[in-house]
1. Which of 97, 79, 5 comes first, and how do the rest follow, when ranked by fewest Cβ neighbours within 10 Å?
2. In which sequence would 87, 26 go, from the one with the fewest C-beta neighbours within 10 Å to the one with the most?
3. Choose one answer from 58, 37, 69: the residue with the largest mean-square fluctuation in a GNM of the chain with alpha-carbon springs under 10 Å.
4. How would the chain be classified by its alpha-carbon gyration tensor: rounded, prolate or oblate, with rounded meaning a/c under 1.5 and the a/b versus b/c comparison settling the rest?
5. Running a GNM on the chain with Cα contacts under 10 Å, which residue among 82, 104, 115 ends up with the highest mean-square fluctuation?
6. Give the distance, in whole Å, between the Cα centre of the stretch 110-140 and the Cα centre of the stretch 30-104.
7. Ranked by Cβ crowding within 10 angstrom, fewest neighbours first, how are 2, 85 ordered?
8. What FRET efficiency would be calculated for the residue pair residue 132, residue 39, taking the C-beta separation as r and a Förster radius of 22 Å, to the nearest 0.05?
């Protein structure tokens, strides 16, 4: 297992508009929670979506996996933990959603993102130097 180079946590209180009639979070909203944590993670290294665009690269999500253990419910406070575990050829971000009060695992998953040159629309087969610089890695 690869060690995370950077991680962060965000707290979310499950809003009413994210739940179904049973007051359980609809499965698709977990991806939104992943996105909130991903944005916080990328902001932490000063490489959020605006900085990506300014650097000439888009980073679309090309693969996602979600595993549901227990449902989140209306009004529940959850912690979404995100950690960057791959960065050389693509970004892999792992996610873990926990109940804030008990620490119980609710959901886990990951996303893969690849660099695409905005100017030509070409996918890069290795991460561009700007990502490595933002991560504080030696770029030769």
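Read-outs throughout are calculated quantities, based only on the coordinates presented, and are distinct from any laboratory measurement. Source: prediction; values computed, not measured. We place every Cβ from the backbone using ideal geometry, glycine too, and count neighbours over all the protein chains shown.
1. 5, 79, 97
2. Fewest-to-most ranking of 87, 26: 26, 87.
3. Greatest mean-square fluctuation among the candidates belongs to 69.
4. Verdict is prolate for the chain.
5. 104
6. 17 Å
7. In increasing order of surrounding Cβ atoms, one gets 2, 85.
8. 0.60
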